[in-house]
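Taking it in order: structure first as structure tokens, then the write-up.
Please treat every number below as a calculation from the coordinates, not as lab data. All of these numbers come straight from a predicted model, not from anything done at the bench. Counting neighbours? That spans all protein chains shown, and the Cβs are built from the backbone with ideal geometry, glycine included.
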Amino acid sequence: MSFRDWDIFDEMARLRRELGHLAANLQAGTAAQDQWAPPVDILEREETLVLLVDLPGVKREDIELRVEADTLTLEGQRTRPEGERGVRLERPMGRFRRSFRLGVPISPDTVQATWREGVLEIVLRKAPPQEPVQVRVTVE
């Protein structure tokens, strides 16, 4: 690449994207070996939480979801097709991992995930509130 082909604004935009990915990884508490973090919107509805995850180019079989108590963990990877040589590569590749503490208990057996146009939609039904339990204490 010659100096004439170099565009400072392209380089600044690339640097900003990389810093944004780094900040997202640090904020999400992901491990250092993870290369990127897909953007996620979390919407709260009366009975559900909905996560919308941008994952264009990621195969469904390369995505794993886990729900434990009030935490959702999303892992996967995006790979380049073999035999292709990159001329300009801006989309992050490799493994990703995001964990979200949802703040409300979730019914894990009701989790639904659908894939539409590169967006993963995860619907999590809130667990019903538990009634307080009163325990009688006996003195001996």
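Taking square-rooted eigenvalues a ≥ b ≥ c of the alpha carbon gyration tensor, is region 83-140 rounded, prolate or oblate, where a/c under 1.5 means rounded and, failing that, a/b exceeding b/c means prolate? Mind showing how you got there, number by number?
Details: a/c = 5.77, a/b = 3.02, b/c = 1.91.
Because a/c hits 1.5 or more and a/b exceeds b/c, region 83-140 counts as prolate.
Volume of the convex hull of region 44-107 (Cα atoms only), normalised per residue: 100 Å³.
Normalised by the number of residues in the chain, the mean separation of alpha-carbon contacts (under 8 Å, six or more apart) gives a relative contact order of 25 percent. For the pair Asp10 and Thr73, a Förster radius of 35 Å applied to the C-beta separation gives a FRET efficiency near 0.50, rounded to the nearest 0.05. Computed from these coordinates, which is Rg and Dmax of the Cα atoms in Å: [x] 18.2, 62; [y] 20.8, 89; [z] 19.7, 63? Evaluating Rg and Dmax of the Cα atoms in Å on these atoms matches [y]. Once both labels are positioned 7 Å from their Cα atoms along Cα-to-Cβ, the gap between Arg88 and Thr138 label points is 7.9 nm.
Scanning residues 5 or more positions from Ala127 or on other chains, those with amide H under 5 Å from its amide H are Ile106, Ser107, with H placed 1.01 Å from N in the peptide plane. Mean sequence separation of contacting Cα pairs (under 8 Å, at least six apart), scaled by the length of region 50-112, corresponds to a relative contact order of 34 percent.
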